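Peer 1: Please read through the structure below; I'll follow up with questions.
The values are calculated or read from the model by the stated rules, or taken from the named source; none is laboratory data. On a predicted model such as this, the values are computed, not experimentally measured, just so you know. Because the Cβ atoms are built from the backbone with ideal geometry, glycine has one as well, and the counts that use them run over all protein chains shown. Just the protein is used for accessible areas: all its heavy atoms, side chains included, with ligands, DNA and RNA removed. Shrake-Rupley method; radii C 1.70, N 1.55, O 1.52, S 1.80 Å.
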Amino acid sequence: MATVSRPVRKRRRPGRLIAEIACCVIAALVAVPLYWMVLSAFKPAGEIQSPAPWTFAPSFDSFERVLDSQGFGRYFVNSAIVALCVVALSMLLSFLSAVALTRFRFKGRTVLLVMLLVAQMVPVEALTIPLFFMVQQAGSAVPALGLNELAPLVLVNLAFSLPFAIWMLRGFVAAVPAELEEAAALDGASRLRFTWQVLFPLVAPGLVATSVLAFIHAWNDFLFAQTLIFSDVDNRTLPQAMRVFYKPEELDWGGIMAGATLMTIPVLIFFIFVQRHLASGLSGAVKG
Amino acid sequence: MPATDSAGLGRGRALAFVAPALVLIGIFLVFPALWSIYIGLTDYTLTGPSSVNPRIVGADNITGALSDPLFGNSLWLTLLFVFGSALIGQNILGFTLAWMLRGARRWLRRLVEGLVLLAWILPSTVVAYLWVAVLDRDGGTLNALLNTPGTAWLVQYPMISLIVFNLWRGTAFSMLLYSSALDVVPPSQLETARMVGAGRFSTLKDVVFPHIRGHVLTNTLLITLWTANDFTPFLLTAGGPDHRSETLPVFIYQQALGSGALGYASAISFLLLLVNLVIALVYLRLLRRRG
């Protein structure tokens, strides 16, 4: 193998080198704001205003300030609860729906699929008004589903992540040959056993991509959180807390960037965990 | 009916599988959407007499919007934003990156993909702060890099800043999609194109594009819709200065919660939904012509 591939590699065209240099430049441009965030978080208080792109005295002061004084930990836990609930429920529900919508043809199926596409287009800003009143009403019947609670936030984020998730997963389920199911049926495997033991693993890359998007949406959501958790300080989520740091008169950039860095870490962990599957997941969604 | 039910799922089980998702979507998405269309037909406001007793005003909000210069302004800015940052920007940059990375060294490919993806998945509140810091008038990184002290980018060039920002943030999706689409193009055809001396443009147009047409359309549709509905500009400029970066989602939010004109805001979001629908119909049309 090595003898075959070596001459090919030597024949790199000059255009390739230019392309690679261009890629490096783009990578650098993309990295600047991200580098700046981490750098500012570690800069000691005196250096924050300086434009120097390095620091010789990195400190954890900003992180400590954020973690101690602002109840950051609590908001962090709130956001994590909401995001993880949304991810788990959205994986389960979108998988079941995608199986049913792909494998079972019924009247109005196309209409339903187009509706899921249309759901992508609803401008969410306007929905905050009815949602506010709905949750307010629900709260007077069942307090846990009312305003300033996390449960309705989970349900709303879930409902908004489902259409795209189902739409994506459909392609994956469709890619599993129906013969496989017939064979399993002949072997006497039960419906549910087939779904979980054969179909589920085959659709897993799609589920991974779906879960990333659901996680990002829920973890990043600002609008719904701001609408539904409008007065209870304890139940705020991180994106709301980030807005609290932003006081025009006393911009604490060190604190803001430390908070931003902390908020980034879970996304990063989640991302590293699934990066390999993300590309195949997204492309599978489009082929369907 | 075995013909309609390849997996032998059974009507009952199929319904049970799909019901929870549909119920949730129905309650939290469809119902509020219909409600907001209804609110759009009234003169409902956050405060004042109309907050207690809203009147049905029919299409008054729509006609009002169509003659409102602020609405026209924000429709234009939205088109600019979508056209500049998504339709042209993310599409072309995403494809170029995917194309260039195809033959690049593996570590370089990983690095670029990782960074671009990172920009995409970071919380919007976080990236908004990053960009406010980078573009800051005093002590901003960009001014230090370009040696242009005192330039308030978000104030002097709000739309260009937003477009560049969205390009930075959103290219990842197009890049990912196009890199996997390019895997579909048979290398032998590219080789043949090179042998017969086809130029780069005609290779792309005649060899690559027919294979990835579906991907291009789907990608364009999704990034168009996402960009048109993107709320992040609010976190960067809040529509200012003087409405110069007030895209429709920001305009809707400002009308609803800034001015308290809930009826008017709902009517405008209905208009935005219609625009989105037209885009989606055009897309479905183009996609169907594929076969």
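Peer 1: Being open to solvent by less than 20 Å² (accessible area, probe 1.4 Å) and outside any helix (DSSP H, G or I) is the filter here; which residues of the range B:85-117 pass it?
Peer 2: Once the filter is applied, which keeps residues that are open to solvent by less than 20 Å² (accessible area, probe 1.4 Å) and outside any helix (DSSP H, G or I), the range B:85-117 yields only B:A104.
Peer 1: Follow-up question, since we're still on this one. Is it true that A:L96 is over 15 Å from A:S161 (Cβ atoms) and either in contact with a strand residue (DSSP E or B) (Cβ under 7 Å, 6 or more places away or on another chain) or hydrophobic (A, V, I, L, M, F, W, C) (or both)? Can you show your working first?
Peer 2: Numbers: over 15 Å from A:S161 (Cβ atoms): no; either in contact with a strand residue (DSSP E or B) (Cβ under 7 Å, 6 or more places away or on another chain) or hydrophobic (A, V, I, L, M, F, W, C) (or both): yes.
Spelling it out, it is not the case that A:L96 is over 15 Å from A:S161 (Cβ atoms) and either in contact with a strand residue (DSSP E or B) (Cβ under 7 Å, 6 or more places away or on another chain) or hydrophobic (A, V, I, L, M, F, W, C) (or both).
Peer 1: Here's a follow-up. Take B:T203 and tell me if it is within 10 Å of chain A (Cβ to nearest Cβ), assigned to a helix (DSSP H, G or I), surrounded by 15 or more Cβ atoms within 10 Å (Cβ to Cβ) and not hydrophobic (A, V, I, L, M, F, W, C).
Peer 2: Details: within 10 Å of chain A (Cβ to nearest Cβ): no; assigned to a helix (DSSP H, G or I): yes; surrounded by 15 or more Cβ atoms within 10 Å (Cβ to Cβ): yes; not hydrophobic (A, V, I, L, M, F, W, C): yes.
The answer is no for B:T203.
Peer 1: Quick check, is A:L131 over 23 Å from B:G10 (Cβ atoms) and either crowded, with 17+ Cβ neighbours inside 10 Å or out of contact with any Phe, Trp or Tyr (no Cβ under 8 Å at 6 or more places or on another chain) (or both)?
Peer 2: Criteria met by A:L131.
Peer 1: Looking only at the range A:66-125, count every residue that is of a type in the set (D, E) and either more than 9 Å from every other protein chain (Cβ to nearest Cβ) or part of a loop (DSSP other than H, G, I, E, B) (or both) and tell me the total.
Peer 2: Total satisfying the criteria: 1.
Peer 1: I've got another one for you. If you scan the range A:182-207, which residues turn out to be touching a residue at least 24 places away in the same chain (Cβ under 8 Å) and either in contact with a strand residue (DSSP E or B) (Cβ under 9 Å, 6 or more places away or on another chain) or open to solvent by less than 30 Å² (accessible area, probe 1.4 Å) (or both)?
Peer 2: Within the range A:182-207, A:T195, A:L199, A:V203, A:G206, A:L207 meet the criteria.
Peer 1: If I ask for residues that are modelled with pLDDT under 70 and closer than 30 Å to B:R102 by Cα, which ones from the range A:237-274 would you list?
Peer 2: none
Peer 1: Select, from B:G214, B:G239, B:G263, the only residue that is at pLDDT 85 or above, of a type outside the set (D, E) and open to solvent by less than 20 Å² (accessible area, probe 1.4 Å).
Peer 2: On the way: B:G214 fails: at pLDDT 85 or above; B:G239 fails: at pLDDT 85 or above.
Among B:G214, B:G239, B:G263, only B:G263 is at pLDDT 85 or above, of a type outside the set (D, E) and open to solvent by less than 20 Å² (accessible area, probe 1.4 Å).
Peer 1: Next question. If you go through the range A:37-65 one residue at a time, how many are modelled with pLDDT of 80 or more and buried (at least 17 other Cβ atoms within 10 Å of the Cβ)?
Peer 2: Taking the range A:37-65 first, the residues modelled with pLDDT of 80 or more are A:37-44, A:58-65.
Of the ones still in play, those that are also buried (at least 17 other Cβ atoms within 10 Å of the Cβ) are A:37, A:39-43, A:62-63, A:65.
Total meeting the criteria: 9.
Peer 1: Next question, about the same structure. Go through the range A:94-111 residue by residue and tally those that are open to solvent by 20 Å² or more (accessible area, probe 1.4 Å) and either within 26 Å of A:F222 (Cβ to Cβ) or aromatic (F, W, Y) (or both).
Peer 2: The qualifying residues number 1.
Peer 1: Let me ask you something else. Does the range A:134-156 hold any residues that are within 9 Å of chain B (Cβ to nearest Cβ) and either in contact (Cβ under 8 Å) with a residue 40 or more places away in the chain or in contact with a strand residue (DSSP E or B) (Cβ under 9 Å, 6 or more places away or on another chain) (or both), and which are they?
Peer 2: A:P152, A:V156
Okay, residues lined up against (1) open to solvent by less than 50 Å² (accessible area, probe 1.4 Å); (2) free of Cβ contacts under 8 Å to residues at least 60 places away in the same chain:
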position: B:T141; (1), (2): yes, yes
position: B:A144; (1), (2): no, yes
position: B:M159; (1), (2): yes, no
position: B:T171; (1), (2): yes, no
position: B:Q189; (1), (2): no, yes
position: B:V196; (1), (2): no, yes
position: B:P210; (1), (2): no, yes
position: B:I223; (1), (2): yes, no
